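Worksheet: the structure to be examined is printed underneath.
The values are calculated or read from the model by the stated rules, or taken from the named source; none is laboratory data. On a predicted model such as this, the values are computed, not experimentally measured, just so you know. Note that each Cβ is placed from the backbone with ideal geometry, even for glycine, and that neighbours are counted across all protein chains shown. All accessible areas refer to the heavy atoms of the entire protein, side chains included, with ligands and DNA or RNA removed. Shrake-Rupley method; radii C 1.70, N 1.55, O 1.52, S 1.80 Å.
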Amino acid sequence: MTRSSWDSQPENGIENDTGTVEVNRDNKDDDAFELLDHRSALVSIANDWEASTSTLPPKTLPLRSTTHVVRKIFWTGVLALIVLILLGFLLWLIPSFLPDTDRSKLQTAFAINLRGPAHLTFTEAKAIDVAWQLFIGAGGRLCLAWVSYKVFMDGLARITEQTPVSYSLYASLTFSATSLWTTYNAVGGLFSSKGWRLKFFLLWFALSTLYVLGFPTLMSATAGYVSPSTFGFKMTDGNFVTPDSADLKTCINLPEGALIGYKNGTILPGPPVSVYDPVSGGGFNGKYDADIEKDYPDFFSVQKASSNYTKIYNATKSPDPPDCEFDRYSKGLSSCDLNYTLVYTISGRNYTLNYPFQYFENYYYKNTSVPAPDLEERKDCLSQSYFVWGFSSLLVYINVSLFMVWIFGMYIVWADANIYSALCRSGRKLRGNFRAAADLSEAMKEVLGEETCAYSDRELWRELRMEPGMRYYASDPSEGDVSHIGLSSRKRGRVPYNSTKLYGKLGKER
C-alpha cells in the first residue's frame, strides 16, 4: 500500500473537515490509539523509503598526505624486496639439492631431478600432483590476477590522466583485465597509441597478462611424479646388476704377468665400480680414500707401476722408432728392442724389463673379467614399483626468475601510479565495474547522445573508434559551484590536487 492510500483511509475513525481523525467512540480508547500509532509507523517507513531513493550528493576528495603515500610505498617496497631476496636465495640453493650426475647437464634439466617424497603409491603421487595444480597453479593465478587488476587499474588511472586512451582499450582493461582479448587489444594499442608512457604500460600489461594466464601451465610443467628407473646391466647369468653393486668391480688383466711376478693371464680384482672406476676415466668417484688402496694392494701397485717406472738408456743400442714402445705394448712385438731398459717397482720388488709389460683394465663380475665394450652392450633400465614427486630444476629456475621480474615490474607500475596520479592519491581509484561503467557511459553519452538503446555493440564500436582517445579531466570552477571529474574525448583539463572542492554533477550549484 502506498503512502497516499494511507492518507485517504482513516482507520477506525472518521476524517472531519479539518483533516483530523476522530476515533470511533464505539471502540475502546486503547484500541483506537493503538491503530493510530500503527498508521504513524507505516507513514514513517514510507518517508524513509522516499529518502533512501534520493541521489548522491557532491563530495570532496581528500588528498592523502605525501608522508602517508611515501610510507605506504616504502613498506610495500620492503616487503617486495624481502620476497625477491628469498627467491634469489632459493635459486642459489637449488644446485646443492641436485644429484652430482645431473649438475650442468641440460639434457637432464627438464627431468624431475629435485625429488621430494619417495616410495609413493600411484594414488598418493597423483593426489599430491592434483593438489599442486589446484592450489598453486589455479590458486596462484587467481592471486596474481587479483594483484594485476589492482595494479593495472591504478596504472590506467595514471595513464588516462596524462595520455588519451581509446574507448575499446579502456573498456577491455577495466572490464576484463586479464584475458587474451584484452592482451590482443593491448598489443594493438602499442602500434596505434601515442606517447612512450602508454606504450610502455601496454607492453608490460601484455607481457604480465600472458604470464598470469600461463601460470597454471608453468606450474604444472615444473612439478610432477615419475616412476624411477634404475640403471644397470643385464649379466649373462640373468641377474640385473647396478653400478653400486658390490658384485661389479674393476680389475686388471695381465697377459704377461710372469714378467712382473704373476702368472700369465692373472686377473687382479679391484674396488667396486661405485667406489673406483678407472675404465671410464673417472678414477675415485668422489674423495680419495687411502683405505681402499690398502684393501686392494696388488691392483693399485700394478696400476701405479704401469705409469711410474725408471728408464735406463743403453748408448750402444740404436734409437728405435718413436712408436716402438707403443707397438710393443699394444701388439706384443718381441722384435721391438728399445734402446733403454725399464725398472718397475711392484709390491716392493723391482723388475727390469726390456719393454713395457701389457695390462688391461676391465670390469670384474663373479670371478670373470668383462671387457668394457661387452658391459656397454648390457646396459638396461629397470622400472621401480613406486613413484616419486618433485620438480624440474631448469623449470624452477625459469619460473622463479619470471616471478621475480613480475614482482619488480608490478611494484614499479603501482608505485608510479600512487605517487603521480591525482585520482589514486585522493582515493578515487579506477577499481570496480560500477566506477568504470559510470565514467565510460558519461564519455559515450557525450559522443553518441542519448538515442543509443537500439544500437548493437558493433554499431556503437564503429562510431566510437572514430573518436580520439579519452582522458580524465576536471571542469573549470567557473562552470559551476561544484566541480566535476569525468572521462571525455573532447574536454580537457588536468585533474587537480584539490582536497577542499566539492565534486559532483557538471555545473551543479551548491
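Restricting region 73-101 to residues that are surrounded by 15 or more Cβ atoms within 10 Å (Cβ to Cβ) and more than 17 Å from the chain's Cα centre (by Cα), which is modelled with the lowest pLDDT?
My answer is L98.
When you check F200 against the structure, is it within 37 Å of the chain's Cα centre (by Cα), over 30 Å from A127 (Cβ atoms) and without any contact (Cβ under 8 Å) to a residue 12 or more places away in the chain, yes or no? Spell out how you get there, then give the answer.
Values: within 37 Å of the chain's Cα centre (by Cα): yes; over 30 Å from A127 (Cβ atoms): yes; without any contact (Cβ under 8 Å) to a residue 12 or more places away in the chain: yes.
Yes.
Hey, could you check region 177-198 for residues that are open to solvent by less than 90 Å² (accessible area, probe 1.4 Å) and part of a loop (DSSP other than H, G, I, E, B) and say which is modelled with the lowest pLDDT?
Step by step, filter region 177-198, then rank; the result is S193.
How many residues does region 213-238 hold that are in a strand (DSSP E or B) and either among the aliphatic types (A, V, I, L, M) or under 22 Å from the mean Cα position of the chain (by Cα) (or both)? If you could, list the steps in order and put the result at the bottom.
Taking region 213-238 and keeping what is in a strand (DSSP E or B), we get 223-226, 229-234.
Next, only the ones that are either among the aliphatic types (A, V, I, L, M) or under 22 Å from the mean Cα position of the chain (by Cα) (or both) stay: 223-226.
Total satisfying the criteria: 4.
So, in region 349-379, of the ones that are within 20 Å of K263 (Cβ to Cβ) and among the aromatic types (F, W, Y), which residue ends up most open to solvent (accessible area, probe 1.4 Å)?
F360
Select from region 140-164 the residues that are within 25 Å of the chain's Cα centre (by Cα) and farther than 14 Å from V413 by Cα and list them in ascending order.
Result: G140, R141, L142, C143, L144, A145, W146.
Filter region 369-380 down to residues that are under 26 Å from I112 (Cα atoms) and either in contact with a Pro (Cβ under 8 Å, 6 or more places away or on another chain) or outside any strand (DSSP E or B) (or both), then give me how many there are.
Taking region 369-380 and keeping what is under 26 Å from I112 (Cα atoms), we get 376, 378-380.
Subsequent filtering for residues that are either in contact with a Pro (Cβ under 8 Å, 6 or more places away or on another chain) or outside any strand (DSSP E or B) (or both) retains 376, 378.
Residues meeting the conditions: 2.
Output the residue which, of all residues in region 449-477 that are within 40 Å of the chain's Cα centre (by Cα), without any contact (Cβ under 8 Å) to a residue 40 or more places away in the chain and open to solvent by 90 Å² or more (accessible area, probe 1.4 Å), is nearest to G189 (Cα to Cα).
The extreme case among them is R462.
Which residues, counting only those in region 56-65, are in contact with a helix residue (DSSP H, G or I) (Cβ under 9 Å, 6 or more places away or on another chain) and either on the phi > 0 side of the Ramachandran plot or open to solvent by 80 Å² or more (accessible area, probe 1.4 Å) (or both)?
Listed by number, the list holds a single entry, R64.
Report, by residue number, each residue of region 222-238 that is in contact with an Asp or Glu (Cβ under 7 Å, 6 or more places away or on another chain), closer than 12 Å to L375 by Cα and open to solvent by less than 40 Å² (accessible area, probe 1.4 Å).
G232, F233
Out of curiosity, is T121 at pLDDT 85 or above and of a type in the set (S, T, N, Q)? Step through it out loud before you land on a result.
Details: at pLDDT 85 or above: yes; of a type in the set (S, T, N, Q): yes.
Yes.
Scan the strands (runs of 3 or more DSSP E) fully inside region 239-336 and keep the ones with 3 or more residues being modelled with pLDDT of 65 or more, out of contact with any Pro (no Cβ under 8 Å at 6 or more places or on another chain) and open to solvent by 70 Å² or more (accessible area, probe 1.4 Å).
Numbers: elements: 248-254, 266-272, 310-313.
Once the strands (runs of 3 or more DSSP E) in region 239-336 are filtered for at least 3 residues that are modelled with pLDDT of 65 or more, out of contact with any Pro (no Cβ under 8 Å at 6 or more places or on another chain) and open to solvent by 70 Å² or more (accessible area, probe 1.4 Å), what remains is 310-313.
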